[in-house]
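The values are calculated or read from the model by the stated rules, or taken from the named source; none is laboratory data. The model shown is predicted, which means the values in this text are computed figures rather than measured ones. Glycine also receives a Cβ, built like all others from the backbone with ideal geometry; neighbour counts cover every protein chain displayed.
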């Protein structure tokens, strides 16, 4: 599996940032260009809850399910894809840092393809895309939490 980690300092308290980690608002910062929408399938958000994630990809509409792996307000939110998407686990951790918060996004993913070709595909196509999406995500989250951008 590949691993991408992104970190950003946000001039806002963890509770303000965590509000954007609710499933209803995840699409405002994580892949918003794809029209990402997240809904909790089985009631309330908690570790073990099922999420349905929908959006658009370059190949058309996409939908997959994930399970919540971490839900610890206002410190952490994480999910792991389970059905309809390549294996991926994303965790966002919030750590108070002076007058703001250190946001750390960790993304463990697996490239598809034949074993011998997988490393090449990962290096050339998949990893650069994951890095770009995750970098944009933490920057979007920062802008929203600091009030520099409205929430869709």
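At a glance:
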quantity: Residue in the stretch 106-116 that is surrounded by fewer than 19 Cβ atoms within 10 Å (Cβ to Cβ) and modelled with pLDDT of 95 or more present; calculated: yes
quantity: Residue count, the stretch 61-107 (criterion: in a loop (DSSP other than H, G, I, E, B) and either under 15 Å from residue 48 (Cβ atoms) or touching a residue at least 60 places away in the same chain (Cβ under 8 Å) (or both)); calculated: 4
quantity: Test result for residue 148, free of Cβ contacts under 8 Å to residues at least 40 places away in the same chain, within 25 Å of residue 17 (Cβ to Cβ) and surrounded by fewer than 16 Cβ atoms within 10 Å (Cβ to Cβ); calculated: yes
quantity: Search result, residues across the stretch 33-52 that are surrounded by fewer than 19 Cβ atoms within 10 Å (Cβ to Cβ) and part of a strand (DSSP E or B); calculated: 37, 39, 40, 50, 52
quantity: First in the stretch 35-49 and free of Cβ contacts under 8 Å to residues at least 12 places away in the same chain, second anywhere and surrounded by 11 or more Cβ atoms within 10 Å (Cβ to Cβ), Cβ under 9 Å, 6 or more apart; calculated: 42/49; 42/50; 43/49
quantity: Conditions (1) in contact with a helix residue (DSSP H, G or I) (Cβ under 7 Å, 6 or more places away or on another chain); (2) modelled with pLDDT of 95 or more; (3) surrounded by 15 or more Cβ atoms within 10 Å (Cβ to Cβ); number of the one not met by residue 100; calculated: (1)
quantity: Conditions (1) farther than 18 Å from residue 5 by Cα; (2) in contact (Cβ under 8 Å) with a residue 60 or more places away in the chain; (3) buried (at least 16 other Cβ atoms within 10 Å of the Cβ): number failed by residue 141; calculated: (1)
quantity: So residue 112, is it without any contact (Cβ under 8 Å) to a residue 60 or more places away in the chain, assigned to a loop (DSSP other than H, G, I, E, B), touching a helix residue (DSSP H, G or I) at 6+ places or on another chain (Cβ under 8 Å) and under 17 Å from residue 16 (Cβ atoms); calculated: no
quantity: Which listed residue, of 76, 119, 143, is at negative phi and modelled with pLDDT under 90; calculated: 119
quantity: Output for the stretch 1-32, where each listed residue is surrounded by fewer than 19 Cβ atoms within 10 Å (Cβ to Cβ) and in a loop (DSSP other than H, G, I, E, B); calculated: 1, 11, 13, 22, 28, 31
quantity: Among the residues listed as 138, 126, the single one being at pLDDT below 95 and in a helix (DSSP H, G or I); calculated: 126
